[in-house]
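Novice: Can you read through this structure? Questions will come right after.
The values are calculated or read from the model by the stated rules, or taken from the named source; none is laboratory data. Since we're looking at a predicted model, the values are computed, not measured. No Cβ is skipped: glycine too gets one built from the backbone with ideal geometry, and neighbour counts run over all protein chains shown. When the accessible area is computed, the model is the full protein with side chains, heavy atoms only, and any ligands, DNA or RNA have been set aside. Shrake-Rupley method; radii C 1.70, N 1.55, O 1.52, S 1.80 Å.
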Amino acid sequence: MSSASTKAERTKQFIVEKTAPVFNEKGFAGTSLSDLTIATGLTKGSIYGNFENKDEVALAAFDYNFARITNYIKDRILQTDSAIERLLVYPEVYREFLSIPFLKPGCPLLNTATEADDTHPLLKERVAKALAYWKTSLENQIKRGIQRGEIKPDTKPTEIAVILISLIEGAIMQAKVTGKPGELRIAMNFLTQLINGLKV
């Protein structure tokens, strides 16, 4: 690999890392070229020399934001063993959602989905894939728990996954709108009880 291509890749990654929080907070429509140049300290030419357009930057920024929260949760999950403990990581993490620095602007899935569902097909598709990935991961954790005798055999993986995601995203929306963590904690306490109720 040439040093030129390596430098270009580093520049692209730098642009993504610096603009990802801006897109998550302001959304695609609310993020201007000026916001991108301020966030990166680069010129318009430098940004568009590495990305074809704002859409391409936004898609890369969403992928980065989603990977960041996924890896944050994955690191916590890998510190546990049982399926119940792994599922409990979700209410534990999201209970303190507003105090996690890189998540203060909100959940990238929720923020992007709310804006892009009717306005940006490419972003909508990216969010749908991310949501499907999260749902499948949860289903697999539950199936693993059933196979290992840790979760009740009559548990429906898809049903629990959908409820878990809905509770988390709905509670985040309320907490973000009100600026209060009360609703978030109530929902996460309920989710904790629901997960513990799956134990054999």
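Novice: Got a sec? Which of Ala67, Ala8 is out of contact with any strand residue (DSSP E or B) (no Cβ under 9 Å at 6 or more places or on another chain), under 26 Å from Met173 (Cα atoms), open to solvent by 20 Å² or more (accessible area, probe 1.4 Å) and part of a helix (DSSP H, G or I)?
Specialist: Every option except Ala67 fails the conditions.
Novice: Among Leu164, Leu103, which is of a type outside the set (D, E, K, R), touching a Leu at 6+ places or on another chain (Cβ under 9 Å) and open to solvent by less than 50 Å² (accessible area, probe 1.4 Å)?
Specialist: Details: Leu103 fails: touching a Leu at 6+ places or on another chain (Cβ under 9 Å).
Sole residue among the options that is of a type outside the set (D, E, K, R), touching a Leu at 6+ places or on another chain (Cβ under 9 Å) and open to solvent by less than 50 Å² (accessible area, probe 1.4 Å): Leu164.
Novice: Can you name the residue in segment 122-160 that is of a type in the set (Asp, Glu) and out of contact with any strand residue (DSSP E or B) (no Cβ under 9 Å at 6 or more places or on another chain) and is also farthest from Lys54 (Cα to Cα) among such residues?
Specialist: Filtering segment 122-160 for residues that are of a type in the set (Asp, Glu) and out of contact with any strand residue (DSSP E or B) (no Cβ under 9 Å at 6 or more places or on another chain), the one farthest from Lys54 (Cα to Cα) comes out as Asp154.
Novice: Taking into account only those residues within segment 21-58 that are among the small types (Gly, Ala, Ser) and either in contact with a Gly (Cβ under 7 Å, 6 or more places away or on another chain) or in contact (Cβ under 8 Å) with a residue 60 or more places away in the chain (or both), which is most open to solvent (accessible area, probe 1.4 Å)?
Specialist: Ala29
Novice: Quick check: anything in segment 153-166 of a type outside the set (S, T, N, Q), closer than 24 Å to Pro21 by Cα and not in a loop (DSSP other than H, G, I, E, B)?
Specialist: Yes, the conditions are met somewhere in segment 153-166.
Novice: Of the residues that make up segment 30-40, is at least one more than 30 Å from Ile160 (Cα to Cα) and touching a Leu at 6+ places or on another chain (Cβ under 9 Å)? Reasoning before the result, please.
Specialist: Here is the first cut: in segment 30-40, the residues more than 30 Å from Ile160 (Cα to Cα) are 30-40.
With the extra rule that they be touching a Leu at 6+ places or on another chain (Cβ under 9 Å), the set shrinks to 36.
There is at least one residue in segment 30-40 that is more than 30 Å from Ile160 (Cα to Cα) and touching a Leu at 6+ places or on another chain (Cβ under 9 Å).
Novice: Looking for something at pLDDT 95 or above, outside any helix (DSSP H, G or I) and surrounded by 15 or more Cβ atoms within 10 Å (Cβ to Cβ) - is there at least one such residue anywhere in segment 111-130?
Specialist: no
Novice: Of the residues Lys199, Lys135, which single one is touching a helix residue (DSSP H, G or I) at 6+ places or on another chain (Cβ under 7 Å), within 16 Å of Ile73 (Cβ to Cβ), open to solvent by 60 Å² or more (accessible area, probe 1.4 Å) and in contact (Cβ under 8 Å) with a residue 24 or more places away in the chain?
Specialist: Details: Lys199 fails: within 16 Å of Ile73 (Cβ to Cβ).
Exactly one of Lys199, Lys135 is touching a helix residue (DSSP H, G or I) at 6+ places or on another chain (Cβ under 7 Å), within 16 Å of Ile73 (Cβ to Cβ), open to solvent by 60 Å² or more (accessible area, probe 1.4 Å) and in contact (Cβ under 8 Å) with a residue 24 or more places away in the chain, namely Lys135.
Novice: Here's something else I'd like to know. Would you confirm, using the coordinates I've provided, whether Gly149 is over 12 Å from the mean Cα position of the chain (by Cα), surrounded by 20 or more Cβ atoms within 10 Å (Cβ to Cβ) and not charged (D, E, K, R)? Can you show your working first?
Specialist: Numbers: over 12 Å from the mean Cα position of the chain (by Cα): yes; surrounded by 20 or more Cβ atoms within 10 Å (Cβ to Cβ): no; not charged (D, E, K, R): yes.
No: the conditions fail for Gly149.
Novice: So, one more: Could you tell me whether Lys176 is farther than 18 Å from Ile73 by Cβ and open to solvent by 70 Å² or more (accessible area, probe 1.4 Å)?
Specialist: Answer is yes for this residue.
Novice: Identify, from the list Lys176, Lys180, the residue that is modelled with pLDDT under 90 and part of a loop (DSSP other than H, G, I, E, B).
Specialist: After ruling out the rest, the residue left standing is Lys180.
Novice: Let me ask you something else. Taking the options Arg86, Arg76, name whichever one is part of a helix (DSSP H, G or I), closer than 30 Å to Phe190 by Cα, open to solvent by 30 Å² or more (accessible area, probe 1.4 Å) and touching a Ser or Thr at 6+ places or on another chain (Cβ under 7 Å).
Specialist: Arg86
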